[in-house]
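Novice: What follows is a structure written as structure tokens; I'll ask about it next.
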Amino acid sequence: MTIYTDGACRCNPGPGGYGVVLMSGELRKELSAGFEHTTNNRMELLAAIVGLEALKKPCTVTLYTDSKYIVDAMKQGWAKRWRANNWKRNRKEAAKNPDLWERLLDLANRHKVSFCWVKGHSGDVENERCDRLAVAASHSSDLEVDAIYVRGGA
């Protein structure tokens, strides 16, 4: 299974959206949604989460994202350390977006996921498609509420 993801946000924070492309052989599925008030990092994380949540059974997945935030946190074990330290990056600084990191870590445990970085806006066809989906979603007339971000829990 191959998943491409991207998040977008206007005025960060502001209206945002995510785009996901799932591919397996000849099968292809695209997912997207927009939110009234959120951040780019939340949309990047949510794109990866939604892509992995779309899988009906445990899979081996290559997940491509242009977010070094996600790739580095997952590959270098930062997110696992933040969780083990009660969502603290260090003694003084809280980790941001613990609600989404928790979901992503749980999904990464369910599936065998390889997180791969792809340079954004560099001509990668599927990354560019995800970007268009995310931006279009952020302009949607029926934006969802990112309730945890809005109430300050992220």
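The values are calculated or read from the model by the stated rules, or taken from the named source; none is laboratory data. Just so it is clear, the structure is predicted and the values come from calculations on it, not from any experiment. Cβ atoms come from the backbone with ideal geometry, glycine included; neighbour counts cover every protein chain shown. Side chains included, ligands, DNA and RNA excluded: accessible areas come from the protein's heavy atoms. Shrake-Rupley method; radii C 1.70, N 1.55, O 1.52, S 1.80 Å.
Novice: Can you return the lysines within cross-link range of residue 57? Criterion is Cα-Cα under 30 Å, with same-chain partners fewer than 8 residues away left out.
Specialist: 29, 68, 75, 80, 96, 112, 119
Novice: Of the beta bridges DSSP finds with both residues in the range 34-154, what % are antiparallel, to the nearest 5?
Specialist: Working: 1 of 8 bridges.
Counting DSSP beta bridges with both partners in the range 34-154, the antiparallel share is about 10 percent.
Novice: Tell me which of 50, 86, 145 sits at the most positive position along the dipole axis of the range 21-154, charges placed on C-beta atoms (Lys, Arg +1; Asp, Glu -1).
Specialist: Projecting each Cα onto the dipole axis, the largest value belongs to 86.
Novice: I'd like to check one number: the per residue accessible area of the range 82-154, probe 1.4 Å, reported in Å² as a whole number. Write down the numbers at each step before the final one.
Specialist: Details: 4630 Å² over 73 residues.
Counting only protein heavy atoms, the per-residue value for the range 82-154 is 63 Å².
Novice: Relative to the present Cα-Cα distance, how much length would full extension add between residue 93 and residue 55 at 0.36 nm per residue of separation? Let's see the in-between values first.
Specialist: Working: separation 38, 0.36 × 38 = 13.68 nm, distance 3.39 nm.
Taking residue 93 through residue 55 to full extension adds about 10.3 nm, to one decimal.
Novice: Let me ask something additional. Carbon and sulfur together cover what percent of the accessible area of the range 1-135 at a 1.4 Å probe radius? Write out the running numbers ahead of the final one.
Specialist: Values: 3360 of 6930 Å².
Ligands and nucleic acids excluded, carbon and sulfur reach 48 percent.
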